[in-house]
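Asks: Let me begin by handing over the structure; questions about it come next.
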Amino acid sequence: MSSWASKNLSFAGRLQLISSVIQEITTFWCSTFILPKKVIKEVEKLCAAFLWQSSTESARGAKVNWLSLCHPKQEGGLGLKSLMHWNSIRVPSDASWGGRKLLNLRQQARKLIKHIPGDGKDIYLWHDNWHPSGPLVENFGARIVQDSGFSSQAKLEVVVNGNFWKRPPTHSPQLLDIQIALCDRLYPKKRDKDTVIWIPSTSRTYTTGRTWHWIKSKQSKVPWHRLVWFSRQIPKHSFISWLAILDRLTTKARQKKWSPNIDDTCVLCNNGSETVEHLFFKCTYAKCVWKSLSAMSEIPYLDSWQQLVLWMGKRIRRKSLYQTLIKLMWNAAVYHVWMERNRRIHQHVYKTTGESTNMSTRQQM
Ligand SMILES: [Zn+2]
């Protein structure tokens, strides 16, 4: 990674190296061992430092935290793998050491296993996940075992009668609920063996990929992911749009939060505090760019940056050539407005709105 850091790679290039090389190597090791948390934290720290700072020293200045980057693109992240989650679902081949670790994962794995009743000889009546309500002792308490008169280690076969359930008379409201929940839903099959299925997989057998999707915490989808991430995207443009939409660009208004004395006036119009909303929407410079692009496309003039992003995300999401061109133009416009702002601040070079618009449209042709 140190040798990569010395090369002048773009953010998109660094992201590609992390997702295709580093993460593949690490997932290989995760499939052999359950790595200690400290090792995983160290690997993730290195990846973050390389991604944001192009170094192996520190990720200071990271604009988005690592866990958020590991959300899928539809949920606003960059689709990297969280090694912490990945590591918890791989089965280690080193049973002597990994076996001990596996024991700690049993509780997590149990929730993902479902027992399908056959003859009821292999399923534990109170502890296994066969009933529509889940494991009975877990959900109804140990008292129901006493109330039922069956032992706590009883197998399901004690309530199986051929292809039907035995329903012993009971005064316990909870046992009645358990019996009622079984009506019309599920029946044992006398001739079959009990089976076990892995809930996360459509094939019902264990696969690492499906389990990872199941186990990682799900975020709600963002409506704009197709606006930013699509097959013909220009990675450096998409990256700036992604940061702008998440409001993670280092605008002057954001800098002012930790350096109150900074002058946060917009350098494009010299009128107004430089927020994302201002820079990409309210600013007269940005307005001129959008107006020119609106004249060439179906992008309407809306009330705010957020509305514009929402409208674009909802309306411009197809893969047609026309919509792809609009998306390319839109991302390029956001990129060039940001570049113009950077040029004025760092190089004191000025380009007109016409030049920025031309650059936004020319690159797509
Ligand atoms: Zn401005």
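Taken together, the values in this text are just the output of simple stated rules run on the coordinates, not laboratory data. Keep in mind the model is a prediction, meaning the values are calculated, not measured. A quick note on method: Cβ atoms are made from the backbone with ideal geometry, for glycine too, and the neighbour counts reach across all protein chains shown.
Asks: By the gyration tensor of its Cα atoms, with a ≥ b ≥ c the square roots of the eigenvalues, what is the shape of segment 111-188: rounded for a/c under 1.5, prolate for a/b over b/c, or oblate? Could the numbers behind the result be given before it?
Replies: Values: a/c = 1.33, a/b = 1.13, b/c = 1.18.
Because its axes are fairly even, with a/c under 1.5, segment 111-188 counts as rounded.
Asks: Separate question: Just add up the charged neighbours of residue 247: K/R +1, D/E -1, any other residue whose Cβ is under 13 Å from the Cβ of residue 247. Walk me through the intermediate numbers first.
Replies: Details: positive: 63, 248, 254, 257; negative: 274, 277.
Summing Lys and Arg as +1 and Asp and Glu as -1 gives +2.
Asks: Another question, if that's okay. For segment 225-362, what percent of Cα pairs sit more than 27 Å apart?
Replies: Working: 1500 of 9453 pairs.
Result: 16 percent of Cα pairs exceed 27 Å.
Asks: Could you please report the charge total around residue 126, scoring K, R as +1 and D, E as -1 over all other residues with beta-carbon less than 12 angstrom from its beta-carbon? Write down the numbers at each step before the final one.
Replies: Working: positive: 143, 155; negative: 128, 138, 147.
Here the count lands on -1.
Asks: Could you go through segment 319-329 in sequence order and give the Karplus-derived ³J(HN,Hα) for each residue, using 6.51 cos²θ - 1.76 cosθ + 1.60 with θ = phi - 60°, rounded to whole Hz, and x for Gly and Pro?
Replies: 9, 4, 4, 4, 5, 5, 4, 4, 5, 4, 5
Asks: Filter the cross-link list 63/252; 45/256; 252/291; 41/81; 63/351; 252/351 down to pairs whose alpha-carbon distance in this structure exceeds 22 Å. List each step's numbers first, then the result.
Replies: Working: 63/252 14 Å; 45/256 27 Å; 252/291 25 Å; 41/81 13 Å; 63/351 27 Å; 252/351 20 Å.
Violating the 22 Å limit, Cα to Cα: 45/256; 252/291; 63/351.
Asks: So, counting K/R as plus one and D/E as minus one, what does the shell of residues with Cβ under 11 Å around residue 160 add up to? Each step should come with its number before you reach the end.
Replies: Working: positive: 121, 155, 166, 189, 190; negative: 119, 157, 194.
Local net charge: +2.
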